[in-house]
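No lab work stands behind these numbers, since they all come straight from the coordinates. No experiment lies behind these values; they were computed from the predicted model shown. Backbone-built Cβ (ideal geometry, glycine too); neighbour counts: all protein chains shown.
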Amino acid sequence: MGSRTFYDMAAYWPASSEPFAAPMNKIPKVVFSRTGVETGGRKRDLTTRALTDAIRFRSAAEAQPTSATAPKGAAWSESRIANGDLGEEIARLKKESGKDILAHGGARFAQSLVALGLIDEYRLLVHPVALGKGLPLFAGLLKPIDLKLVRTTAFGARTVAHIYQPL
């Protein structure tokens with residue numbers, strides 16, 4: 001994941017009782033950052049508006065999130081830092097044994113992965129909210145990417161997951 005996403009998730013998931021909290025807290029993490037990751041004592045706020053929005057929608061019965069600058073739990077505090085060339089770092093990860101690699105991150109991180117052709121499968125979740133601004137995922141492509149729809153999954157009456165693979 002990108003470093004901004006790391007700070008948001010490290011502040012949110014350890015205190016969450018949502019169904020995805022346990023797996024999010026357990027899975028090994030690699031943080032892509034050119035400058036490293038701050039894990040304690042830093043005064044400036046390293047989280048984004050996404051965390052604020054997530055907390056706002058969280059049930060009032062849940063505990064408040066932990067500090068974004070001091071991730072809790074082994075999977076957060078022992079996250080690996082990747083600060084080399086993105087393509088080379090991903091190639092190293094793909095050579096390791098284990099399960100699939102799932103990339104979490106903001107639009108800039110995703111744009112970098114797309115531009116380098118590092119994505120084997122796109123799992124795009126559509127949340128029907130008109131923001132009126134933001135960074136498009138596929139901005140700056142040098143050529144079109146042909147995608148094949150593999151499947152869709154509806155979650156309730158609002159959110160839909162679209163799974164695509166490059167042709």
Which cross-chain or sequence-distant (5 or more) residues have an amide H under 5 Å from the amide H of A82, H modelled 1.01 Å from N in plane? V31, F32, S33
Which far-off residues, 5 or more places away or on another chain, put their amide H under 5 Å from the one on V160, with H placed in the peptide plane? V126, F155
Apply the Karplus curve 6.51 cos²θ - 1.76 cosθ + 1.60, θ = phi - 60°, to the phi angles in the range 141-150 and return the couplings in whole Hz, x for Gly and Pro. 5, 6, 8, x, 10, 7, 10, 10, 6, 8
Report, in listed order, any pair from K26/K95; K26/K143; K94/K133; K95/K148 with a Cα-Cα distance greater than 32 Å. K26/K143; K94/K133
Order these peptides, 136-147, 17-28, by their mean beta-carbon neighbour count within 10 angstrom, highest first. 17-28, 136-147
Amide H of L137: which non-local residues (sequence gap of 5 or more, or other chain) have their own amide H closer than 5 Å, using H built in the peptide plane? none
